[in-house]
């Protein structure tokens with residue numbers, strides 16, 4: 001199976017809490033950037049990260065976020081993107097969030113206003129967009145057991 005993902009995107013989840021789900025994104029074996037997503041909330045629209053599985057991503061221009069990537073086939077959810085932003089916390093717990101189920105990119109992970117966040121997001125997104133110029137697969141392997 002690994003041979004088939006060598007030239008695709010691989011998102012490895014590293015930690016999850018109410019502040020978000022944070023990981024690392026690779027293009028094949030090359031590290032691209034850090035990621036931030038909402039905490040796992042059973043794949044519910046607007047409050048959860050997407051499950052661990054294989055997706056097709058493609059370049060997209062969003063009216064709100066500009067150049068980004070669109071993530072296809074996420075079940076009943078729509079408009080899941082990979083875009084720039086910082087926070088991905090659970091709003092119901094009083095935390096800040098720049099997403100409603102999308103994936104954020106970052107050059108690093110740190111704290112902004114006392115909340116865990118991705119930083120250097122636009123730089124990381126531009127690097128990712130330079131690599132993904134046509135539809136490709138995004139592989140999110142099972143780490144926390146959220147698969148189908």
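Assorted remarks:
- Rounded to the nearest 0.05, the FRET efficiency derived from the C-beta distance between residue 131 and residue 15 at R0 = 30 Å is 0.80.
- Residue of 80, 32, 61 that the Gaussian network model of the chain assigns the largest fluctuation, springs spanning Cα pairs under 10 Å: 61
- Between the alpha-carbon centres of segment 67-123 and segment 13-43 there is a gap of 9 Å.
- Sequence-separation-based contact order of the chain, relative, with Cα cut under 8 Å and 6+ spacing, percent: 28
- Ellipticity estimate at 222 nm from DSSP helix runs (n ≥ 4, -39,500 (n - 2.57)) divided over the chain, nearest 500: -2000 deg cm²/dmol
- Fewest-first ordering of 129, 25 by other beta carbons within 10 Å of each residue's beta carbon gives 129, 25.
- GNM flexibility winner over the chain from 48, 15, 130 (Cα, springs under 10 Å): 130
Just so you know, all these numbers are worked out from the coordinates, no wet-lab data involved. All values reported here derive from a predicted model rather than from experimental measurement. Note: ideal-geometry Cβ built from the backbone for every residue, glycine included; neighbour counts use all protein chains shown.
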